[in-house]
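Participant: Dumping the structure here so I can ask a few things about it.
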Amino acid sequence: MHSRHRQLAAAILLTIFLILLALLARFLWHRHYYAVTNAVFVETDSLVLVSFQKVNGRLRRLYVPEGARVQQGQLLAELDNTTYALSVRNLADQLRSLREKSRALSIKIQRLRTDLRLRQAQIEDEMERLQAERRAMQSEVAALEAELTQTARDLRRFRRLLREGLIARHRFEEIQTRWLSLTQKKKALLARVQALTAAIRSTVKEKERILNQHKLIRENERELAALKARIQAQERALEEARVLLSYCRLQSPVTGYIAKRFHAPGDVVGPGEPVYAVVDFSKLYVLVLLEETKLRGVRPGCEARIRIDAYPHHTFYGVVTAVLPATAAKFALVPRDISAGEFTKVAQRIPVKIKITRGDLSLLRVGLGGEVEIKRKF
């Protein structure tokens, strides 16, 4: 009886030993092929602090509470935009006034150009007519002078013949009357030539005035160019004012969830001051601080199994995307100083990034902890 009890006890102990040996073998095998650690944190590269850009003022309304899901471009908050809207309105009115002045000045310049072209053509035609008429008069005066010279010779000859009694007196009087008529006609023609010369001088002065009108047009064109430059500057100022007015509406830059709201309606905020923190869940990843003693075989592409403490019945799967080239302690706020010779051997931890490929990402929150198993590659 005792012999059977001893045999049973020995069998039980052997079975327990074998089970423990198998568990130990499995544990050693698992630790050989898997790097296991509980220094695991859920992180994101897309924790966006949303703020008003280039504008400040009092928050008029906040549309989204903490924890709510938002879409990219969704309106989150608004500032009191009275000042910016008034600036846009004033600049728009000033721009409209400048454009009206520009249109009026353009019409004036066009009208002056048209009038001057017509007047210049008329003056040139009139000058050509007057010059042609003066040349004709001068030619007629020249012919008349030749005739008058001949008549004067005839008059002297007839006066001598009359004194000698060789001709009748009426013949002398006819020549004398003709000479007087030609003399009066010459005076009339010379007066007409002088009048034409005065008219030509007056036409030249009118042409000079027209040239001065061209100077006026050039001055108006310079004024128009300056006005157009002012319009362009005003358009830029109006565009900037409209941009500032649009900045009074705060929109979500990404699709995600509101992680934090920093202000309440009525608060005064400045440019760049955070109003919301938005987390893009599609950019979540797991940050593992892996001990240097477990780094063997861990490289980008290794598969990983993740368990989050908050959800023990859910398993997430991922793949290693990066093994960072510096230890976490290298960037600590107070790094270790070993220059004095004091040194304690501590296993350093290497940051490893894991991209989540399977699992319900909506369950995760930035900062959650857990445990990870990384399958090594040899």
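Participant: With every protein chain left in place and a probe of 1.4 Å, what is the accessible surface of Glu100, to the nearest 10 Å²?
Facilitator: Ignoring ligands and nucleic acids, Glu100 comes out at about 100 Å².
Participant: So who's got an amide H within less than 5 Å of the one on Cys302, skipping anything under 5 residues away but keeping other chains? H placed 1.01 Å off N, in plane.
Facilitator: Long-range HN contacts for Cys302: Val320.
Participant: Rank these residues by their accessible area, most exposed first, probe 1.4 Å: Leu250, Leu190.
Facilitator: Final ranking, largest accessible area leading: Leu190, Leu250.
Participant: Right, here's the next one. Hey, what does the equivalent ellipsoid look like for the chain, semi-axes from the Cα gyration tensor as sqrt of 5 times each eigenvalue, largest first, whole Å?
Facilitator: Details: eigenvalues 2809, 123, 59 Å².
Taking √(5λ) for each eigenvalue gives 119, 25, 17 Å, largest first.
Participant: Let me ask something else about it. With helices defined as uninterrupted DSSP H runs, which ones in the chain have an alpha carbon span along their own long axis of at least 27 Å and mean Kyte-Doolittle hydropathy of at least 0.5? List each step's numbers first, then the result.
Facilitator: On the way: long enough: 2-33 (46 Å, 0.76); 82-163 (116 Å, -0.77); 169-246 (113 Å, -0.63).
Helices passing the filter in the chain: 2-33.
Participant: OK, next. Tyr257 accessible area, nearest 10 Å², 1.4 Å probe?
Facilitator: Taking all protein chains as shown, Tyr257 has close to 60 Å².
Participant: Give me the Kirkwood hydrodynamic radius of the stretch 100-247, using the inverse of the mean 1/r over all pairs of distinct Cα atoms, in Å to one decimal.
Facilitator: 21.4
Participant: For the stretch 202-218 and the stretch 279-301, what is the separation of their Cα centres, given in Å?
Facilitator: Using only Cα atoms, the two centres lie 86 Å from each other.
Participant: Considering every pair of different Cα atoms, what Kirkwood radius, in Å, is found for the stretch 1-102?
Facilitator: 22.5
Participant: If you don't mind, there's one more thing I want to ask. Scan around Gln348 for amide H atoms under 5 Å from its own, H built in the peptide plane at 1.01 Å from N, and keep only partners 5 or more places away or cross-chain.
Facilitator: Under 5 Å from the amide H of Gln348: Glu292.
Participant: Taking a 20 Å limit on the Cα-Cα distance, which of the listed pairs Lys283/Lys377; Lys207/Lys228; Lys186/Lys207; Lys283/Lys355; Lys54/Lys283; Lys294/Lys375 fall beyond it?
Facilitator: On the way: Lys283/Lys377 26 Å; Lys207/Lys228 31 Å; Lys186/Lys207 31 Å; Lys283/Lys355 9 Å; Lys54/Lys283 28 Å; Lys294/Lys375 11 Å.
Beyond 20 Å between Cα atoms: Lys283/Lys377; Lys207/Lys228; Lys186/Lys207; Lys54/Lys283.
Participant: A further question on this structure: From zero outward in steps of 5 Å, how is the percent of C-alpha pairs of the stretch 201-264 spread across the bins?
Facilitator: Result returned by the calculation: 4, 12, 9, 10, 8, 8, 7, 6, 6, 5, 5, 4, 4, 3, 3, 2, 2, 1, 0.
Participant: Same structure, new question: Ignoring ligands, DNA and RNA, what accessible area per residue does the chain give at 1.4 Å, in Å²? Present the calculation step by step, with values, prior to reporting the outcome.
Facilitator: Values: 24360 Å² over 378 residues.
Result: 64 Å² of accessible area for each residue.
Participant: Accessible area of His5, 1.4 Å probe, to the nearest 10 Å²?
Facilitator: 100
Participant: Say we join alpha carbon atoms closer than 10 Å with springs in a Gaussian network model of the chain; which of Ala22, Ala168, Ala322 then has the biggest fluctuation?
Facilitator: Ala168
The values are calculated or read from the model by the stated rules, or taken from the named source; none is laboratory data. Just so it is clear, the structure is predicted and the values come from calculations on it, not from any experiment. Calculation scope for accessible area: heavy atoms of the full protein, side chains included, ligands and nucleic acids excluded. Shrake-Rupley method; radii C 1.70, N 1.55, O 1.52, S 1.80 Å.
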